[in-house]
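Notes for the one structure printed next.
The values are calculated or read from the model by the stated rules, or taken from the named source; none is laboratory data. Since the model is a prediction, treat every value here as computed from it, not as a measurement. Note: ideal-geometry Cβ built from the backbone for every residue, glycine included; neighbour counts use all protein chains shown. The protein model used for the area step is the full one, side chains on, heavy atoms only, and it has no ligands, DNA or RNA in it. Shrake-Rupley method; radii C 1.70, N 1.55, O 1.52, S 1.80 Å.
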Amino acid sequence: MGIPSKNWRLRNQRYRLVGEICEKCRAPIFPPRDVCPECEAPAQTPYVFSGRGEVYSYSTVYHPPAGFEKYVPYTVALVRLEEGPMLTAQLTDVDPGEVHIGMPVEMVTRQMQTDGDEGVIAYGYKFRPRMR
Amino acid sequence: MREVAIIGIGQTKVGEHWEKDLRHLGLEALQAAMRDAELERVDALYVGNMLSGELTGQEHLGALVADFAGLRGVEAVKVEAACGSGAAALRLGYVAVAGGLADVVLVVGVEKMTDATGPEATAALAMAADADHEVAHGLTFVAINALLMRRYMYEYGYKKEDFAPFTINAHANGMNNPYAMFHGKVTPEAYAKARMIADPINLLDSSPVADGAAAVVLAPADWARRSGKPVVRIAASAVATDAVALHDRRDPLVLEGAALSAWRAYQQAEIGPEEVDLFELHDAFSIMAALSLEAAGFARRGEGVRLALDGEIILQGRIPIATMGGLKARGHPVGATGVYQVVEVVQQLRGEAGANQVPNARVGMAQNIGGSGATVITHVLVREK
């Protein structure tokens, strides 16, 4: 996984779902990209997302890429956040057979990947069935 | 701008070439194309490739392939646009000849994938997606397409087995292509029983990891006309882009980049989809074939699968696709695929497609997609009388 500075650089979006809001057209933006995808105006004002959303689509992975072997099978999803943007994340704390399109989910912080037994552990957002 | 023709084609068999490395695969295709063009010198070489660095530890393919092809000194660069690398290299070759900066250009797409393990290749292919926001979450390329397929089935009410005709057609056509990786028929029963890769995508929805190389030689169309041989002209060459990450698209079920690329190509060629005799599309997964048919105007939204179920994609149908096996049966050596597609369209337009010949084919279209729809390159080829 290399030098851990990347995980550090992404800490606000990975740990707290901090995106941006466009001051011009008020579009909430996640992941942050500094330019509004709707109106192309500069957008660097931080915006914290609620972490609530619903499953737009999902798939269970049986053949993982290198580095994800020990997590198989795991379920990935496109989650539509209630503020509008969509993101990609793993689903957790749920049986793959219970997942369905439209399922309400909420963000939790979980281990994303480890770099061997002694390397850095990367944390970030996953989503579980909504409890709150 | 000058008109550009394809005056030579060459390809290696797609498959697991344990005995051949990257440069020898490239050389084999390149030499075949040069023999076909009856030429010995070129002004420039463009090499389409996605994964040579990641999977074989070798970058700098422009100079390497030029050197081993006996073209030392020639202008040569590698072009990368994920799975669209092959057609992207062709696009640059076209620009060079059309713009008058070069007369004879060699374009070769080459990929060597079987020097790596399955998980290594899977991880490497995922580099076409957003590293921080898709791949970091364990998404594979198959999973990305699975997300699309599941949503497609949900929105339009299709069943899993409705996608089978794409696989059955591709494999039926691959049977007669000596350069194809697979020569086995697929039945609906085999499709239904295939092993799951990333639910709902099974093994037979997916194109295989493979080695291969294909090449074309470009020259001004006026030169080609003087040769007395049948002339295949590039009537359109168009590139368009979309968001790299699926979640950043306005509507993931609409390949906006593919639509933009296709419609730019139609404008350049001054034709509409109804004039296209065959369409080599990017069927890396069944769902991509359906979405590509819709984006290029052959089916309305949600009806790409219907077109296949109605039998319109076979050789005798309204719009034949994957006429030589497509990515699924010919195989998908990623950075070479875009050039294979164009080579196959040339075979069809020259009347050299054998048992798979589309009768009276005059206009052929090839569309090569990088990632899940982020870079899309469309070429329209026309046979002159």
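Things to note:
- Test: residue in the stretch A:43-59 that is away from chain B (no Cβ under 13 Å), among the acidic types (Asp, Glu) and touching a strand residue (DSSP E or B) at 6+ places or on another chain (Cβ under 6 Å): no
- Options B:Ala221, B:Ala194: the member that is crowded, with 19+ Cβ neighbours inside 10 Å and either touching a strand residue (DSSP E or B) at 6+ places or on another chain (Cβ under 9 Å) or in the same structural domain as B:Glu312 (by TED's automatic domain parsing) (or both): B:Ala221
- Verdict on B:Ile321 being within 29 Å of B:His17 (Cα to Cα), among the aliphatic types (A, V, I, L, M) and either touching a Phe, Trp or Tyr at 6+ places or on another chain (Cβ under 6 Å) or crowded, with 24+ Cβ neighbours inside 10 Å (or both): yes
- Within the stretch B:198-230, the only residue that satisfies the criterion of being of a type in the set (Gly, Ala, Ser), within 28 Å of A:Ser59 (Cα to Cα) and modelled with pLDDT under 95 is B:Ala198.
- A:Val55 falls short on exactly one of the conditions (1) touching a residue at least 12 places away in the same chain (Cβ under 8 Å); (2) open to solvent by 50 Å² or more (accessible area, probe 1.4 Å); (3) among the hydrophobic types (A, V, I, L, M, F, W, C); (4) not in a loop (DSSP other than H, G, I, E, B), and that condition is (2).
- Any chance B:Val42 is open to solvent by less than 20 Å² (accessible area, probe 1.4 Å) and not aromatic (Phe, Trp, Tyr): yes
- Residue under evaluation A:Lys70, criteria (1) crowded, with 16+ Cβ neighbours inside 10 Å; (2) within 12 Å of chain B (Cβ to nearest Cβ), criterion not met: (1)
- Residues in the stretch B:124-151 that are at the interface with another protein chain (Cβ under 8 Å from one of its Cβ atoms), in a helix (DSSP H, G or I) and closer than 25 Å to A:Tyr15 by Cβ: B:Ala126, B:Val135, B:Ala136, B:His137, B:Ala143, B:Leu147.
- Criterion violated by B:Ala366 - all others in (1) within 16 Å of B:Ala258 (Cα to Cα); (2) in contact with a Gly (Cβ under 6 Å, 6 or more places away or on another chain); (3) outside any loop (DSSP other than H, G, I, E, B) satisfied: (2)
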